[in-house]
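The values are calculated or read from the model by the stated rules, or taken from the named source; none is laboratory data. The structure presented is a predicted model; accordingly, all values stated were derived computationally and were not measured. Note: ideal-geometry Cβ built from the backbone for every residue, glycine included; neighbour counts use all protein chains shown.
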Amino acid sequence: MQQSILGSREAFGLLVVRYSRSVRAVCLARIGRRSDLDDLVQEAFLRAYQGLSRLEDVSRFGAYLHRIAHNLSVDCLRRPGLEAVAMEDVDLASPGEPTKALDVREERLEKLRRQVGRLPLALREAVLLFYFEQKSLGAIGALLGITEAAVNQRLHRARVQLRQILGEQEAS
């Protein structure tokens, strides 16, 4: 981190590798469309790099970076003519998955992905970071500026909602 602050692009490159997936998840949770996603992620890292000298507590870099990504996503949605796409219309599957006949398990996973897109923003963000990006509760709390208990509560609420929705769909 100190090397990044001193201007080392290589050291900052390591930070990009470390945080890029979680920054993508934060942006995707807010804007709900992939077309602007790469631009937002790139802009977030650029602004973070330019503002490194103003970062007082280097241990808060992740939270700092994710706040930048959040703000950029909000700004993106404020642009005239742009509207958020419903998250259920966004493919949350990993890119490059081969297309094949879905078995029952894969169908259920696909339903789950669609339902994650319908969760409220705070719950969706926690789910994306925890399950899709495999971040720990502590890491998610630090990134979002909330306690581990709050992250755990959001995940619990999301699981309850998803179980209820998926249960209703199975019954019908």
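Report whether or not VAL16 is over 23 Å from ARG124 (Cβ atoms) and within 15 Å of the chain's Cα centre (by Cα). Against the criterion (over 23 Å from ARG124 (Cβ atoms) and within 15 Å of the chain's Cα centre (by Cα)), VAL16 qualifies.
Among the residues of segment 68-78, those identified as more than 12 Å from the chain's Cα centre (by Cα) and touching a residue at least 12 places away in the same chain (Cβ under 8 Å) are ILE68, LEU72, VAL74, CYS76, LEU77.
Cβ separations smaller than 7 Å between residues 6+ apart or across chains give the following pairs from segment 140-160 residues that are over 24 Å from GLN115 (Cα atoms) and touching a residue at least 24 places away in the same chain (Cβ under 8 Å) to residues that are among the small types (Gly, Ala, Ser) and in a helix (DSSP H, G or I): ALA142/GLY62; ALA142/ALA63; GLY145/ALA63.
Applying the condition of being in contact with an Asp or Glu (Cβ under 9 Å, 6 or more places away or on another chain) and outside any helix (DSSP H, G or I) to segment 25-72 and asking which residue is surrounded by the fewest Cβ atoms within 10 Å (Cβ to Cβ) yields ARG34.
Per the listing LEU82, LEU46, the residue uniquely at pLDDT 85 or above and over 13 Å from the mean Cα position of the chain (by Cα) is LEU46. Selection within segment 107-137: residues that are assigned to a loop (DSSP other than H, G, I, E, B) and either of a type in the set (Gly, Ala, Ser) or on the phi < 0 side of the Ramachandran plot (or both). The member of this set that is nearest to the chain's Cα centre (by Cα) is GLU133.
Out of everything in segment 95-136 that is farther than 27 Å from THR147 by Cα and touching a helix residue (DSSP H, G or I) at 6+ places or on another chain (Cβ under 9 Å), what residue ends up being modelled with the highest pLDDT?
Filtering first and then ranking leaves ARG114.
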